[in-house]
Every structure is written in structure tokens, then in C-alpha cells.
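Here the structure comes first, spelled out in C-alpha cells, and everything after it is commentary.
The values are calculated or read from the model by the stated rules, or taken from the named source; none is laboratory data. Everything numeric here is computed off the predicted structure, so don't read it as measured data. Positions of Cβ are backbone-derived with ideal geometry, glycine not excepted, and every protein chain shown enters the neighbour counts.
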Amino acid sequence: MTPTLRIAARLLEKPWLWAFAAAFFVWLATIVFTGGQGAAAVLTAALAFGTFSVIVGIGQMYVITLGPGNVDLSIPATMTFAGAASMKIMDTQDSMIFIGLLVALGVGVSVGIFNYALIRLLRIPPIIATLSSSFVFQSAAIAYGRGIKIKPPPVLAEFTTARIVGIPILAIFTVILAVIMAVVLHKTVYGRSVIAIGQNPRAAGFSGISVGFTRFATYVLSATLAGLCGFVLSGFSGGASLNMGAEFLLASIAVVVIGGTSVAGGFANIPGLWGAALFMFLLVTMLNTFGLGAGIRLIMTGLIIISVITLAGGKSTGR
């Protein structure tokens, strides 16, 4: 086998490749249908909106990597509460942006601690614990924000919508964040502990890994990233609203699975998050461009996502 064929074979073994391939073909189908009009604009929009799915997807990916049963369903409520609290604290004042960011991150940390307390102290399964806490924090957001869309400071709004040579600046920062979290996952004791626990928690415990602390840190990480996402999404969308996180409940899980992370745990894939986020946005754009009805769009979206998940699959992990 020639070196070129060997490289191609290795690429085809990468589960994240299928997510990017799906995104490319969906984008190609869209611009062919429109005769090439708006091709760059569609990509720019995909990068802008995909950014938020990637931010929460990183945290969700770490949680899912811990193994079966681990999932964070409190992400939408955390985003909403963090967005509402930070916007209200800043009160449209540019001088309060840093304080607002700290508040959003603080909300995330608090939610993560609360989630793990339910899981560890009360022995509640993660899916139930995080879903229950989502009701608590969504209610807190309603009470705190009183249903009013709270506008962001002008500088924050400008920053979150700014572009450099046509590329959203938030996308650039999120790529940097993804690279950092990839290094953390594969090169640090904490990241390797997450993977080891997902592969075999008992063996990880016997090898000296603090399983409890690693799980605690992972749920806090997921909620903190959700708080960060709520902060920047509020700036991007013109303010915090009570339904701002609703679409990210399934999106945060979909980008993880479509991106090639194993739902069985023990194998994570950060590059695939970007491919999956772009694919999800471009798929909806394509179906809207084709002028399909809502019912047909939903059916086709489901079928296409199933196909991509089947191809991306992820690696199986030994137990």
C-alpha cells in the first residue's frame, strides 16, 4: 500500500471525518440548489450558530465519556439562568462585563456542584438528577429575570457578533477552547482519568484514580461551559430570554454522538463536535432552502442524523 493510500485509510478510520463529510455534502447540495448564491454567507452563519453547540457540546462530551448513564440534561436551564443573572448584574453597562462573566461562570459552577450532590449524596441517577435540577434553575431564571429580555452591554454585543475577514470572532475563540480541551483530555491526568473511568470504572478505581472527584469535576466543567455559553449567547442574540437554551438540550447530545464520541463511554472526539455542529445547522438550512414542509423536514432530519450517527459510530470500548 502506498503512503498516500495509508494516509487515506487512516483518515477513513477517524469517526469525526463522517460529520465533516456530511456537513460538506449538505452545504454543497444547498449551494447547487441556489445556483451558488449565498454560499459564503451560509458558511459564516453555520460557524456563528455552531459555536454555541460546540461550547456546550464539549462539556456534554466529557460527561458522556464517563460511561453509560452519564448525561447532563441541565444545560438549557443553566444557560438561561446564567444569561439572565449576568445580564441583570451588568445592566447594559460595559464596565460590568467582567463581573457579569464571573457571575455566569459562578452559576455554572453552582449548578455542577448541585447536580453532583444529587448524584452522589442522594444516589439519584444522573439523567434524573440533572433533569430535576433543570426545573429548579429554570424556575430560578424565571423568578430572577421575570420573563423580561434583558439586553447586553453594547461592547459585549459588538464582540459576540464581530467578524475577522468574514469569520465570526466567537468561532475563533471556540476553536482555541476546543484545542485546549483536547489537550486537557489527552495529555493531563484529569482527562486520561475521564477516559479510563468510561472504559472501566472499577479498574480505574483500583489503579488509583479518584473516580468520585473526577466525576464531580466533570459535571462542574459541563455546567460551567453551559454558563459561559449562556453569557455569550445572550450577547449574540441581543439579551437573555427564558427559552434561549431550549434547543441545546438535544443539540448538546446530538453533536457529541454525531461527532463520533462513543455513547458507551471511554472514547471522546473533540474535532467531531465542530463537524457535527456545522452539519446540524447546514442540514436545517438545506431543508428550508428546498422549501419542504415542517413534517417532512423533521422526518428527513431524523433519518439523515441516524445515517450519520451510524457511520460516525465511535469506537466500542472494552469493559
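Working carefully through the options ILE97, ILE113, ILE75, find the one that is in contact with a helix residue (DSSP H, G or I) (Cβ under 7 Å, 6 or more places away or on another chain), at pLDDT 95 or above and surrounded by fewer than 16 Cβ atoms within 10 Å (Cβ to Cβ). Steps first, please.
On the way: ILE97 fails: surrounded by fewer than 16 Cβ atoms within 10 Å (Cβ to Cβ); ILE75 fails: surrounded by fewer than 16 Cβ atoms within 10 Å (Cβ to Cβ).
Of ILE97, ILE113, ILE75, the one residue that is in contact with a helix residue (DSSP H, G or I) (Cβ under 7 Å, 6 or more places away or on another chain), at pLDDT 95 or above and surrounded by fewer than 16 Cβ atoms within 10 Å (Cβ to Cβ) is ILE113.
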Answer residue from the stretch 116-147, given it is crowded, with 23+ Cβ neighbours inside 10 Å and within 12 Å of ALA82 (Cβ to Cβ) and is modelled with the lowest pLDDT among those: ALA141
Residue that is nearest to THR160 (Cα to Cα), among those in the stretch 216-259 that are buried (at least 22 other Cβ atoms within 10 Å of the Cβ) and touching a strand residue (DSSP E or B) at 6+ places or on another chain (Cβ under 6 Å): SER234
Within the stretch 156-177, residues over 19 Å from ALA104 (Cβ atoms), within 17 Å of the chain's Cα centre (by Cα) and surrounded by 18 or more Cβ atoms within 10 Å (Cβ to Cβ) come out as ALA171
Of residues in the stretch 152-195 being assigned to a loop (DSSP other than H, G, I, E, B) and out of contact with any strand residue (DSSP E or B) (no Cβ under 9 Å at 6 or more places or on another chain), the one farthest from LEU43 (Cα to Cα): THR188
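Mind telling me which of the residues PHE206, PHE213, PHE236 ends up being farther than 21 Å from ARG120 by Cβ and aromatic (Phe, Trp, Tyr)?
On the way: PHE206 fails: farther than 21 Å from ARG120 by Cβ; PHE213 fails: farther than 21 Å from ARG120 by Cβ.
Just one listed residue meets the conditions, PHE236.
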Could you please tell me which pairs satisfy a Cβ distance under 9 Å, a separation of 6+ or placement on different chains, a first residue in the stretch 159-182 that is more than 16 Å from GLY230 (Cα to Cα), and a second residue that is of a type in the set (D, E, K, R)? ILE169/ARG163
Single unsatisfied condition, ALA104 versus (1) over 24 Å from GLY259 (Cβ atoms); (2) at pLDDT below 95; (3) in contact with a Phe, Trp or Tyr (Cβ under 8 Å, 6 or more places away or on another chain): (2)
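Regarding the stretch 120-143, can at least one residue be identified that is assigned to a loop (DSSP other than H, G, I, E, B) and touching a strand residue (DSSP E or B) at 6+ places or on another chain (Cβ under 8 Å)?
Narrowing the stretch 120-143 to residues assigned to a loop (DSSP other than H, G, I, E, B): 121-125.
Narrowing the set further to residues that are touching a strand residue (DSSP E or B) at 6+ places or on another chain (Cβ under 8 Å) leaves none.
No, the conditions are met nowhere in the stretch 120-143.
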Consider SER193 carefully, then state whether it is surrounded by 13 or more Cβ atoms within 10 Å (Cβ to Cβ) and farther than 19 Å from LEU228 by Cβ. yes
Does the stretch 209-229 include one or more residues that are modelled with pLDDT of 95 or more, under 30 Å from ASP94 (Cβ atoms), of a type in the set (Phe, Trp, Tyr) and part of a helix (DSSP H, G or I)? no
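Only one of these is over 30 Å from GLY212 (Cα atoms) and at pLDDT below 85: ALA46, ALA19, ALA41. Name it.
Details: ALA46 fails: at pLDDT below 85; ALA41 fails: at pLDDT below 85.
The conditions single out ALA19.
I'd like to verify a number: residues in the stretch 15-64 that are among the aromatic types (Phe, Trp, Tyr), buried (at least 17 other Cβ atoms within 10 Å of the Cβ) and in contact with a Ser or Thr (Cβ under 7 Å, 6 or more places away or on another chain), how many? Quick ask: steps written out before the conclusion?
Keep residues of the stretch 15-64 that are among the aromatic types (Phe, Trp, Tyr), which gives 16, 18, 20, 24-25, 27, 33, 49, 52, 62.
The next check asks that each one be buried (at least 17 other Cβ atoms within 10 Å of the Cβ); those that pass are 16, 18, 20, 27, 49, 52, 62.
Filter again for in contact with a Ser or Thr (Cβ under 7 Å, 6 or more places away or on another chain), leaving 62.
Result for the stretch 15-64: 1.
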